[in-house]
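Student: Can you read through this structure? Questions will come right after.
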Amino acid sequence: MKKELNRREIIGLMGAVPLAAALGSTSKAHAQDNEDDSGVDYLFVQTAKDITLKGGVLTMNGVGSSTLYFSDRPDRIVGHARTDHFTANWGTGDDSFAAVPPNAALSILVGDEPQDIVVMLKNPRLKSDTLVYDVDILEGNKEATGGASALFIDTLGRPMTPVSVAGVARRTRRRR
C-alpha cells in the first residue's frame with residue numbers, strides 16, 4: 001500500500017535526502033529522524049533579482065535555483081531544496097500548499113527603501129529563472145515593482161499567528 005505524504009514529510013524529504021547523500025551515514029540517521037518528526041514547522045525563503053506584483057500575480061525574475069528552508073527551536077534544521085522541486089511538489093499530499101495556501105511576506109527593495117507586502121500564495125509556475133504565483137494581497141500595496149527581493153513563506157499550519165512570518169510582519173507594522 002502506497003502512503004501519500006503530507007507537505008511536512010515532502011519538504012523533509014526534499015532537504016534530507018540530498019543532505020544525507022552528501023554527508024554520509026551519520027547524516028542519514030539524523031535525516032531519518034527529521035523525516036519522522038511531523039511536528040517541525042518550516043519557513044521558506046526565495047530570492048529574486050526583481051519582481052512585479054500586478055493584478056493578483058507576483059512575477060519573480062532571476063529567482064534563485066534553490067529555496068532555503070529552516071525551522072525554529074528546538075530543531076534548528078536548515079537546508080536548501082531545488083526551487084523546481086519545491087514548486088513541483090506544491091500540490092502533493094492531503095496537507096499540501098495547494099489545499100492550504102501559505103501566507104508570505106514579500107520584501108522588495110524599491111530604490112533604497114524596502115517595501116513589505118503580505119500575500120497568500122497560490123498556483124506557482126516556474127519557467128527557467130522566472131517564478132510566477134497567483135496571490136491574494138492580505139496587507140500592503142496591491143501593485144509593486146522593484147529590484148532585489150525576498151519572499152518569506154510562512155510556517156506550515158500556522159498562518160498569521162504571532163510566530164509566523166506574516167504575523168511578525170503584521171506586529172512590526174502596528175508598532176510603527
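The values are calculated or read from the model by the stated rules, or taken from the named source; none is laboratory data. A quick note: this is a predicted structure, and the numbers were derived from the prediction, not measured. Cβ: placed from backbone, ideal geometry, glycine included. Neighbour counts: every protein chain shown.
Student: Going by the conditions given, is residue 172 among the hydroxyl-bearing types (Ser, Thr, Tyr), more than 14 Å from the chain's Cα centre (by Cα) and at pLDDT 85 or above?
Tutor: Working: among the hydroxyl-bearing types (Ser, Thr, Tyr): yes; more than 14 Å from the chain's Cα centre (by Cα): yes; at pLDDT 85 or above: no.
Against the criterion (among the hydroxyl-bearing types (Ser, Thr, Tyr), more than 14 Å from the chain's Cα centre (by Cα) and at pLDDT 85 or above), residue 172 does not qualify.
Student: Output the residue which, of all residues in segment 79-103 that are among the charged types (D, E, K, R) and in contact with a helix residue (DSSP H, G or I) (Cβ under 8 Å, 6 or more places away or on another chain), is surrounded by the most Cβ atoms within 10 Å (Cβ to Cβ).
Tutor: Looking at residues that are among the charged types (D, E, K, R) and in contact with a helix residue (DSSP H, G or I) (Cβ under 8 Å, 6 or more places away or on another chain), I get 95.
Student: Hey, another quick one. Would you be able to say whether some residue in segment 148-169 is surrounded by fewer than 16 Cβ atoms within 10 Å (Cβ to Cβ) and either modelled with pLDDT of 55 or more or in a strand (DSSP E or B) (or both)?
Tutor: yes
Student: If you don't mind, there's one more thing I want to ask. Mind listing whichever residues of segment 37-74 are of a type in the set (Lys, Arg), farther than 18 Å from residue 114 by Cβ and not in a strand (DSSP E or B)?
Tutor: Here is the first cut: in segment 37-74, the ones of a type in the set (Lys, Arg) are 49, 54, 73.
Next cut, farther than 18 Å from residue 114 by Cβ only: 54, 73.
Result: 73, single match.
Student: Suppose the filter is in contact with a Lys or Arg (Cβ under 8 Å, 6 or more places away or on another chain) and either touching a residue at least 60 places away in the same chain (Cβ under 8 Å) or closer than 27 Å to residue 142 by Cα (or both); does residue 97 pass it?
Tutor: Values: in contact with a Lys or Arg (Cβ under 8 Å, 6 or more places away or on another chain): yes; either touching a residue at least 60 places away in the same chain (Cβ under 8 Å) or closer than 27 Å to residue 142 by Cα (or both): yes.
Considered against the rule, which asks whether it is in contact with a Lys or Arg (Cβ under 8 Å, 6 or more places away or on another chain) and either touching a residue at least 60 places away in the same chain (Cβ under 8 Å) or closer than 27 Å to residue 142 by Cα (or both), residue 97 comes out as yes.
Student: Also, quick follow-up: Restricting the search to segment 93-110, which residues are outside any strand (DSSP E or B) and β-branched (Val, Ile, Thr)? Full working, then the answer.
Tutor: Taking segment 93-110 and keeping what is outside any strand (DSSP E or B), we get 93-102.
The one that is outside any strand (DSSP E or B) and β-branched (Val, Ile, Thr): 100.
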